[in-house]
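Below is one structure, written out as structure tokens; the observations come after it.
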Amino acid sequence: MESQVHKPHRQSKKSKEKKKQHSGGTNPKAFAVSNPGKLARQAARSHDIKEKRLHVPLVDRLPDEPPPRLVTIVGPPGVGKTTLLKSLIRRYAKENISDPVGPITVVTSKKQRLTFIECPNELEAMVDLAKVADIVLLMIDGNYGFEMETMEFLNILAATGMPGNVFGILTHLDLFRKPQALKDAKKRLKHRLWSELYQGAHLFYLSGIWNGRYPDREIHNLSRFLSVMKNPRPLVWRNSHPYTVIDNYRDITHPTKIEEDAKCDRSIELSGYLRGTNFAAQGQRVHIAGLGDFTISRMEVLPDPCPTPAMEQALAKITGKSGRRRLDEKDKKLWAPMADRSGMKITGDHIVITREKGFTFDKDAEGVERGEGEQLIVDLQAERRLLGHTDKGVKLFANGEQLAEVPDDEADRGRKTPRKARILERDGSDDEAELPDDEGFVSGEEPAGSDVEAEFDEAKLGKLFRNREDKVQGEDIAFADSDSDLGSLSGEEDLDGEDVDEDGEEDDEFDSDEEDAAVRWKDNMVERAKMLHGKRRPYRATDLVRFMYDTTLTPKEALRKWRGEEDEEAEEDIEQDDDTFFRRTGKEDAEDLGEDRSIPRYDYEELAAKWSSEDAITALRKRFATSNLLDDEDGGGDGGDEEEGGFGDEDEDDEGDGAFEDLETGETHGPGQDKESGDEKPELSLEAEREKNARRKEELKLRFEEEDREGFMNDKAIARREGGLQEFGEDEWYDAQKAMLQKQLDINKAEFEELDESQRTAVEGYRAGKYAKMVIEGVPAEFVEKFQARLPIVVGGLSATEDRFGFVQVRIKRHRWHKKILKTGDPLIFSLGWRRFQSLPIYSISDSRTRNRMLKYTPEHMHCFATFYGPLIAPNTGFTCFQSFSAANPGFRIAATGTVLSVDESTEIVKKLKLTGTPYKIFKNTAFIKDMFNSALEIAKFEGAAIRTVSGIRGQIKRALAKPEGHFRATFEDKILLSDIVFLRAWYPIKPHRFYNPATNLVGWQSMRLTGEVRRAENVPTPLPRNSQYRPVERAARHFNPLRVPRALAAELPFRSQIVQTRPQRKETYMQKRAVVVRGEERKARDLLQKLTTIRKEQVAKRRAKKEEKRAEYRKKVAELEERLENKKKRETKEYWEREGRKRKPGDVGGGGGKRRK
């Protein structure tokens, strides 16, 4: 035991974090100034870090109770998306879902929820989810690498708005046999993901699968990371539009309409968490992606189906019930209405309950765990009984008693004889004047000593059975549950004060008194309801707002209603004469209250005496910003005169009357001389003069600020001064702007909280974070028939501008991975805003900033302009383009990306137009041109236009010739030739086609096809116009005259440029006449040399042929060897993949997924 060695304790973090002692060396921070270059680099880097975190301040519209964050799981088929979704749901909710379809919301922490949705392998769903996703889990097959769907989704995110949280997840890592290969693959994929996103992007690893799920530790790490993330910077589009992702759908169309017409337009009910900005209370226009534009007919906020513990705790605090303090297993909730949860699945307007072992249950078994769907089946498999009927009896109400049997005295009630027709008298004056002495009821009479008589209360009777004295006393009025409850007592008419026929004889005259009473009790129901429920609590702020803006009420009536006062004496008689109807009585004048008058009453004589005093006027003048601010520091009387005369009097005396002062003598000349001599003012000192000028400047400044709305006196400046933010340092402006936005949000929130819920909804709309249902009418029937829960339904709100259509000009660039260039006029699918639609764009480029010249094709590796017809979207909105959504396209499907520039229809696109002609008569600098125009009218339109020849000679169109038609006269800067071609360069304006085809994939959609696709489908040959074919060009050889230089000009040329020409010789020269004759030894030497050369060439040819034969044999051997190696490699590869499997089959891991598209 003594030799046992124990494991040493771990050192605490505090000991590791202890500050090291100073070693005595130089402090680099203190002596950084000794190295100026290093100091400059450090300062530049610190400033770069500060600037990178600064953005344009945006209003944070996230409510106090935010909606769940939307987590989108994206990846190619067979990569493990469904398995990851099941594992995350199991981690958060401790529940297994066999078929996770649609949005699934779970509670992850005390104040946070997450909504998981799996993105199907369809481009439309990828485009829609990229616009609303808050967190993206990008799944990558680590054994295969990046696939086309992953890169497409990343590029869609980059164009529409990249969310702040995009994480990569590597799967199928257990297929690596060597650890080094796994390490290299992780490193390679990590750096490839960083190049697409940003340096340092998070990448998680999922090694294998256990029991149909990923390992719990790896899922735990991922879930902890998702739970503690902060809210990223909001995107501009989502921060300015309301939207929701639908998690529940129901068809509420009346069955009668469907029976009459199966294809009738449907009314559907969509439910989901509201996100973004607020939905309008009425008439909100929305776009349902893949369905079209609609108007919400009605909207209602529902209780939150998946509240957080913080929300439940707040609700418990309001209701007085104690809530939990921590998130334990009982508080974890799951909301997945479209998914198969415990054997129950809600699809549309019905519920599907599935069970693998059938539906044979033992309902009496105890301790058996059943799912929600199984429990419903057990309840439905009971024997046939009436609604609410159990073994113990019938229970109609939740809080009522169970009735085991019906009493004998109440078993048979009702009429014994049929009713008789009777005409009702609706005159209210004699309704109750003459009641019959004997009311013979035939409903069956009870004995006098029954229990019903003991429970009888006269106050519960109807108006027919009341005496006039009881009515005058104003007792409470009882209402009946049905038409005949108060009209008849069903055999309980043996009452005090009523004469009943003892013999039981029934009078036929009053057989229908019960029916008469059933109608009479309905009289004056409105007045009685007002008497009982018309009184409101007085002095309510909400009622005051409604009364103030009611134009039908006078201020006096509005104030009385708000106070709750009811003046019955002021009611006017309806039958009064017309001459007294419009007469104002003295009583109304006496009842006018001071606070009801728009102009209060004053004693005008007292007011006139008050404001006739100069002191009162002077005191009032100081309260205005345009007043003179000179204080009465020099005395009461002088100060008053100075304030009265002030600044304006001095200007009039000095400038208007021409007064001036002689600087040499000091005398003052002008109209003000006598006045100054009579009443001389003491001269002001230099300090007093400066102070006086300062006050005058302050007065002028205040006058200027009063007129300047953006100066120091506006609301924004006052708010800044109140918050102490009017002056900023070098790095304080950004924080100050954020503080101003937050302060305005707090003010708005405080104002809205004072309103009740109905008024706040009417003013502010339906706030984000609420769970609401919206009813959409006029939906095509194909949406209900083709509804698929796996496809996401995104409902986005539209602003007033986005509901209009026009020409949109954008800056566009063909994607570098798209194989084909784009052609003008070809249909292109745009994903712009919430919409996906097809249009016909026209591409153009700015030509010297003077015109937009049309392009037939998009340029390579550069931006261009495009103009198309579509919805008007705000500038700087990103978009993506596709030629087709079909998965049959093997290439990269994103055709182009860009941003919106403007929505102005005045942009003109021009196309180059060249008109050619040939001259047929040439004068010195004038020529007659033909074959360019057809009439003199066309020529008149182009008079003065610039023309030129192919050789570059410029000219101008002058006039049309009388004959022949279409010929004109033109002048040039030089003489042209008959062989020249003259052309006119013009510009022709082009307008885009007004074509808009929304991509309604949820109801079935066929996009416009290209011309080549239509010809290929219809087997139509491509037309070949004669003018579009290439023809051989036959040009006759031109013979030009030799250059002839005049002798005078040639004599003046410099020496180097002189033309040297040999004179023609009449006789042959020596060199022309001589002949070379080979004789003797020279001939023998030439003959031998020729023979040796021939022999050598023949030997070289034989040697070359022999080597070529050997090379052919060698190439044949090498080809056979390579073929054997290739066959061996293919055989080994095939055997390896047959043994190991290129990928797991989806059935082995319990997940979805299909065949990968390469």
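The values are calculated or read from the model by the stated rules, or taken from the named source; none is laboratory data. What you see is a predicted model, and the numbers here were worked out from it, not measured in a lab. Backbone-built Cβ (ideal geometry, glycine too); neighbour counts: all protein chains shown. Surface accessibility is based on the protein's heavy atoms, side chains included, excluding ligands, DNA and RNA. Shrake-Rupley method; radii C 1.70, N 1.55, O 1.52, S 1.80 Å.
Out of curiosity, is Ile939 assigned to a strand (DSSP E or B) and farther than 30 Å from Val784 by Cα? Spelling it out, it is not the case that Ile939 is assigned to a strand (DSSP E or B) and farther than 30 Å from Val784 by Cα.
Considering (1) in a helix (DSSP H, G or I); (2) within 44 Å of the chain's Cα centre (by Cα); (3) farther than 23 Å from Leu123 by Cα, the lone condition that Arg994 does not fulfil carries the number (1).
Just so you know, in region 815-864 the residues that are modelled with pLDDT of 90 or more and among the β-branched types (Val, Ile, Thr) include one that is farthest from Met151 (Cα to Cα), and it is Ile845.
Of the strands (runs of 3 or more DSSP E) lying entirely inside region 247-349, the ones with 1 or more residues being out of contact with any strand residue (DSSP E or B) (no Cβ under 7 Å at 6 or more places or on another chain) and either closer than 30 Å to Glu122 by Cα or modelled with pLDDT of 90 or more (or both) are found at 344-347. For region 775-815, a residue qualifies if it is in contact with a Cys (Cβ under 8 Å, 6 or more places away or on another chain), over 30 Å from Asp247 (Cβ atoms) and either among the polar types (S, T, N, Q) or surrounded by fewer than 20 Cβ atoms within 10 Å (Cβ to Cβ) (or both), and the qualifying residues are Arg811, Lys813.
Can you find a residue in region 872-891 that is part of a strand (DSSP E or B), farther than 30 Å from Gly161 by Cβ and open to solvent by less than 20 Å² (accessible area, probe 1.4 Å)? No, region 872-891 contains no residue that is part of a strand (DSSP E or B), farther than 30 Å from Gly161 by Cβ and open to solvent by less than 20 Å² (accessible area, probe 1.4 Å). Limited to region 854-871, what total is found for residues that are open to solvent by 50 Å² or more (accessible area, probe 1.4 Å) and over 22 Å from Lys820 (Cβ atoms)? Here the count works out to 0. Cβ-Cβ distances below 8 Å connect the following pairs, each with a first residue in region 152-163 that is closer than 18 Å to His241 by Cβ and in the same structural domain as Val127 (by the TED database), a second residue that is among the acidic types (Asp, Glu) and open to solvent by 10 Å² or more (accessible area, probe 1.4 Å), and a separation of six or more residues or different chains: Pro163/Asp134.
When the residues of region 996-1043 are filtered to those that are assigned by the TED database to the domain that holds Phe885 and among the aromatic types (Phe, Trp, Tyr), which remaining residue is modelled with the highest pLDDT? Within region 996-1043, the match that is modelled with the highest pLDDT is Tyr996. Remark: pairs (first residue in region 177-195, in the same structural domain as Tyr205 (by the TED database); second residue among the small types (Gly, Ala, Ser) and at pLDDT 90 or above; Cβ separation under 7 Å; 6+ apart in sequence or on different chains) = Leu193/Gly168. Restricting region 33-60 to residues that are open to solvent by 70 Å² or more (accessible area, probe 1.4 Å), outside any helix (DSSP H, G or I) and of a type outside the set (A, V, I, L, M, F, W, C), which is farthest from Lys738 (Cα to Cα)? Residue satisfying both the conditions and the ranking: Asn35.
If you go through region 903-910 one residue at a time, do you hit one that is in contact with a Pro (Cβ under 6 Å, 6 or more places away or on another chain) and touching a residue at least 12 places away in the same chain (Cβ under 8 Å)? Yes: one or more hits. Just checking, which of Ile821, Ile845 is in contact with a Cys (Cβ under 7 Å, 6 or more places away or on another chain), open to solvent by 10 Å² or more (accessible area, probe 1.4 Å) and on the phi < 0 side of the Ramachandran plot? Testing whether each residue is in contact with a Cys (Cβ under 7 Å, 6 or more places away or on another chain), open to solvent by 10 Å² or more (accessible area, probe 1.4 Å) and on the phi < 0 side of the Ramachandran plot leaves just Ile845. Considering region 732-842, the qualifying helices (runs of 4 or more DSSP H), each wholly inside and each with 2 or more residues that are without any contact (Cβ under 8 Å) to a residue 40 or more places away in the chain, run over 733-753, 757-764. Taken over region 1034-1050, the residue count meeting the criterion of being basic (Lys, Arg), free of Cβ contacts under 8 Å to residues at least 12 places away in the same chain and in a loop (DSSP other than H, G, I, E, B) is 2. If you go through region 182-194 one residue at a time, do you hit one that is surrounded by fewer than 16 Cβ atoms within 10 Å (Cβ to Cβ) and not in a helix (DSSP H, G or I)? Scanning region 182-194 turns up no residue that is surrounded by fewer than 16 Cβ atoms within 10 Å (Cβ to Cβ) and not in a helix (DSSP H, G or I). State all residues of region 153-173 that are at pLDDT below 90 and either part of a strand (DSSP E or B) or over 41 Å from the mean Cα position of the chain (by Cα) (or both); if no residue qualifies, say none. Listed by number, the list holds a single entry, Asn165.
On the stretch given as region 739-761, residues that are closer than 25 Å to Ile252 by Cβ and surrounded by 13 or more Cβ atoms within 10 Å (Cβ to Cβ) total 1.
When Ser906, Ser886 are checked against the criterion of being at pLDDT below 90 and under 30 Å from Lys820 (Cα atoms), a single residue qualifies: Ser886. Residues being over 30 Å from Ser979 (Cβ atoms), of a type in the set (Asp, Glu) and at pLDDT below 85 are entirely absent from region 1044-1061.
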